[in-house]
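The values are calculated or read from the model by the stated rules, or taken from the named source; none is laboratory data. No experiment lies behind these values; they were computed from the predicted model shown. Quick reminder, even Gly has a Cβ in these numbers, built from the backbone with ideal geometry, and neighbours come from all protein chains shown. Protein only, heavy atoms only, side chains kept; ligands, DNA and RNA dropped before computing areas. Shrake-Rupley method; radii C 1.70, N 1.55, O 1.52, S 1.80 Å.
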Amino acid sequence: MFGFESYHILLAALGLSIILSFWLPRFLSGREPATSALLILFGLTAFAFVPGMPTALDPVKSPRIWEVVSELCVVVGLFGTGLRIDRFAERSKWLPTARLLLIAMPLTIVLLALTGWVAAGMTLAGGLLLGAILAPTDPVLAGDVQVGPPHEGGEHPVRYALTTEAGLNDGLAFPFVHLGIAVATAGGFSLMLAGEWIARDLLYRVAVGAGTGAFVGWLLAKILFDWPRENALSKTGSGVVALAGVLLAYGLTEVVEGYGFIAAFAAGYTLRRSETEHRFHRRLHDFSESLEHSLTAILLVAIGAAIPFLWPHFDMEHAAIGLALVFLIRPLVGWMSLANTAFRGRERLVVSFYGVRGIGSVYYLAYAGHHVELVDEYALWATVAFTILVSTVVHGLTAGIAVEQATGEKQTGETAAEAAAN
């Protein structure tokens, strides 16, 4: 007798959803980020209408699974982002990145916390945590606005700023996530809590993350290219070293209580500075990018599958938070933070507006849900899922064209690689 296993139906539905999501946009524009919204919608459709599907994972009841998968996805994405950057830019090119990290992101967190308090009646801890969760831009879903793969160029200041911001702010948002958790646990804010947070979560963990990541990146470069010189690993062509390297950087940093996200980017960035013209950098990047895309696709389908759990807890107040972030808060603080930089007019507007939200927010919320009892956790998940959906639609469908017009460069990534090959 033939039987239908729900697990096999799940695999078939998942595979079909991913294939359709990557295939259908080709009839319109061929831009990969346009697939992100389709992955969420097909995930919702598959779990709602395909008979025999297993029950989707509830992110509130099973946060650990969401945390682990999204964590691995972001770590691999950050390492690949570091590998993307061909040139060590001069100070003037890093100035917009520094402003986005030190001015725009903290202001975004504050304004999101205020929006949550006013629009949804959230507590100080809840608003602060939501702001930290949604503030960082995403290194995984923002490929259309970033610099090209190694040796491909496309490092216009607009792309450079968006790439380096996405590579660093996932790690730099972590102190604020810890602050929100600490305030929620302590039941309030105090000077002692603030001092401990600054010393441990802000200074020590950021420094350890950057230092350990740079060290592992240097060590990995030596292992790949220099030890032994006549029979180096770079001659094998095995891209799995990229995964091994990022796992080493991330795991070692977390063991010593640093921020692994910062370490992952620092490791990739430092590795890219060694043997800069070697073609092995491209193989490492392509392997990590393929792994990153695979994990991202599964996660986005899972977000769509979880929407039925979240929909009863979604309301217009929480929708207002997501819409305010995408259309008002990020563009406003981005524009303000880029004052007196080399960006003018359209360039400044593009960098301000295209702060893509995505997998990093999923990880931070799952991390918080795993470590502390959250108030209205379903509503938080609904807000994050809605914000990601809005961002994937708005940014995914327009970012490539907007950045091309602002930079005068064609789309980076796969399309450019194919053009070069031809």
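Remarks
- Solvent-accessible surface ranking, highest first, for W311, W197, W381 at 1.4 angstrom: W311, W197, W381
- Within the accessible area of the range 270-358 (1.4 Å probe), percent carbon and sulfur: 63
- Overall form of the range 133-261: oblate. Here a/c, set by the Cα gyration tensor axes a ≥ b ≥ c, is 1.5 or more, and a/b is not larger than b/c.
- Three-way shape label, the range 336-397, alpha-carbon gyration tensor, a/c 1.5: prolate
- In the chain, Cα pairs under 8 Å separated by at least six residues give a relative contact order of 30 percent.
- The chain: most fluctuating residue of G171, G358, G345 per GNM, C-alpha cutoff 10 Å: G345
- Local electrostatic count, T123, Cβ distance below 15 Å [Lys/Arg +1, Asp/Glu -1]: -4
- Dipole magnitude of the range 194-353 about its Cα centre (Cβ charges: Lys, Arg +1; Asp, Glu -1), debye to nearest 20: 580
- Residue-averaged 222 nm ellipticity for the chain, from DSSP H runs of 4+ at -39500 (n - 2.57), nearest 500: -21500 deg cm²/dmol
- Each of the peptides 363-369, 101-107 was scored by the mean count of other Cβ atoms within 10 Å over its residues; in descending order, highest first, they stand as 363-369, 101-107.
- Selected from I223, I85, I303 as most flexible by GNM, with the chain as the system and alpha-carbon contacts under 10 Å: I223
- Dipole of the chain, positive direction: furthest Cα of H318, L162, V246, with charges on the beta-carbon: L162
- Protection proxy ranking for 323-330, 127-134, 16-23, using the average of other Cβ atoms within 10 Å per residue and placing the highest first: 127-134, 323-330, 16-23.
- The range 211-265: C-alpha gyration tensor shape, a/c 1.5 cut-off, then a/b vs b/c: prolate
- Residues within the reach of a label modelled at L114 (point 7 angstrom out along Cα to beta-carbon, backbone nitrogen below 20 Å), restricted to the range 159-200, are 176-177, 180, 189.
- Highest to lowest packing among 228-236, 395-403, scored as the average C-beta count within 10 Å: 395-403, 228-236
- GNM flexibility winner over the chain from L389, L224, L83 (Cα, springs under 10 Å): L224
- Charge dipole (debye, nearest 20) of the chain; +1 at Cβ of Lys and Arg, -1 at Cβ of Asp and Glu: 860
- Taking other residues whose beta carbon is less than 15 angstrom from the beta carbon of A210, and scoring Lys, Arg as +1 and Asp, Glu as -1, yields -2.
- Among G217, G77, G195 the positive-end extreme of the charge dipole of the chain (Cβ point charges): G217
- Counting Cα-Cα pairs of the chain in 10 Å increments starting at 0 gives whole-percent bin shares of 5, 23, 33, 27, 11, 2, 0, 0.
- Applying the Karplus relation 6.51 cos²θ - 1.76 cosθ + 1.60 with θ = phi - 60° to the range 388-399 yields 3J(HN,Hα) values of 5, 4, 4, 5, 5, 6, 5, 6, x, 7, 10, 4 Hz, where x marks Gly and Pro.
- Per residue accessible area in Å² of the chain, where ligands, DNA and RNA are left out and the probe is 1.4 Å: 42
- Against the compact-protein benchmark of 2.2 N^0.38 Å, the Cα-based radius of gyration of the range 236-319 scales to 1.52.
- Heavy-atom accessible area ranking, 1.4 Å probe, most first, across E67, E277, E152: E277, E152, E67
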